[in-house]
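Below: one structure, written as structure tokens.
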Amino acid sequence: MAATLTRPGAAVADSAGRGPSERYARGVARMKEIAGKDALDTVEALQDIAPDLGRFVVEFAYGDVHARPGLDVRQRQLVTLGALTAAGDSTPQLRFHIGAALHVGLDAAQVVEALIHLVPFLGFPRTLNAVAAARTVFEERGVRIEPIEVEPGGDRYARGEDKLREVDGEHGIEVIESLNDVAPDLGRYIVEFTFGDIYARPGLNARQRQLVTLGGLIAFGDTAPQQKVHFNASLRVGLSPRQVIETVIQAVPYTGFPRALNAVSVLREVFEERGIRPV
């Protein structure tokens, strides 16, 4: 029987008692890579009540999932920020991963931009809470942010329509036009705000924005039609089929298997329609 953690920070032995399991050691290394020397504090704090939970965090979330190829550490943090913001009740974990995003090389303005990007998909309350968490992390780390500010004005609809075509192609325009008979203003808001205001902002490129979007939509749940749109958009802006699959897998530790399995069903449909054979 495998040995368990016997003290804070102790490694999990393999079945023969010969030291840390390969998965655990890999997970510890990945946690330290993305979060620095204090990465294991949360795991060590579980030793008195749920040591196996701490082991699962290290082995599965980091040794199995975060250590996979296909997405780099910055891309994985963008997916994670989207998923945790969507959860809405995960401030300690969100703060940890905001710190990790900074540690792996995203700057403070990019972190905030990733959160702002989620407004059309998750709403203002979750985004405001996430920005408050980011402010705390920045203050604790002495990080100074130079906010991205965009001069308002211009033809928001024309700008949004151009960005919508860039991201979603003509199908995006068709979705907007399908609303004309029942809620034309809703379609206008999607074009003007989601694409004219949010997608058109600097700070993140189109691929980064899709990673954040997918993380949020997968974790939010009950978003199959929107997931389909944004799986297609992700492929359109240059993410590979493998990277899109990895995005779904990356969300698992933060959203659970059911939502990830639902997302895979949607993604399978997208691949079939596009004639993509990912494996």
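The figures follow:
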{"read-out": "Selection count, region 174-185, where residues are open to solvent by less than 30 Å² (accessible area, probe 1.4 Å) and at pLDDT below 95", "value": "0"}
{"read-out": "Test: Val131 is open to solvent by 20 Å² or more (accessible area, probe 1.4 Å), assigned to a loop (DSSP other than H, G, I, E, B) and under 24 Å from Asp38 (Cα atoms)", "value": "no"}
{"read-out": "Residue selected from region 62-83 under the condition of a type in the set (A, V, I, L, M, F, W, C) and open to solvent by 10 Å² or more (accessible area, probe 1.4 Å), by the criterion farthest from Gly215 (Cα to Cα)", "value": "Ala67"}
{"read-out": "Residue within region 211-220 that is out of contact with any Ser or Thr (no Cβ under 8 Å at 6 or more places or on another chain), open to solvent by 80 Å² or more (accessible area, probe 1.4 Å) and aromatic (Phe, Trp, Tyr) present", "value": "no"}
{"read-out": "Region 208-259: number of residues that are in a loop (DSSP other than H, G, I, E, B), in contact with a helix residue (DSSP H, G or I) (Cβ under 8 Å, 6 or more places away or on another chain) and of a type outside the set (Val, Ile, Thr)", "value": "3"}
{"read-out": "Near pairs, Cβ below 7 angstrom, 6+ apart or cross-chain, from region 45-60 (without any contact (Cβ under 8 Å) to a residue 40 or more places away in the chain and closer than 17 Å to Phe257 by Cα) to any residue that is charged (D, E, K, R) and open to solvent by 70 Å² or more (accessible area, probe 1.4 Å)", "value": "none"}
{"read-out": "Any hit, region 186-198, residues being open to solvent by 10 Å² or more (accessible area, probe 1.4 Å), acidic (Asp, Glu) and either over 20 Å from Val119 (Cα atoms) or in contact with a Ser or Thr (Cβ under 6 Å, 6 or more places away or on another chain) (or both)", "value": "no"}
{"read-out": "Residue selected from region 222-272 under the condition of a type in the set (Asp, Glu) and surrounded by fewer than 19 Cβ atoms within 10 Å (Cβ to Cβ), by the criterion nearest to Phe121 (Cα to Cα)", "value": "Asp222"}
{"read-out": "Residue tally, condition farther than 17 Å from Gly196 by Cα and in contact with a Gly (Cβ under 6 Å, 6 or more places away or on another chain), over region 121-173", "value": "3"}
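The values are calculated or read from the model by the stated rules, or taken from the named source; none is laboratory data. Computed from a predicted structure; not experimentally measured. All Cβ positions, even for glycine, are placed from backbone atoms using ideal geometry, and neighbour counts span all protein chains on display. The area values use the complete protein model at the heavy-atom level, side chains included, leaving out ligands, DNA and RNA. Shrake-Rupley method; radii C 1.70, N 1.55, O 1.52, S 1.80 Å.
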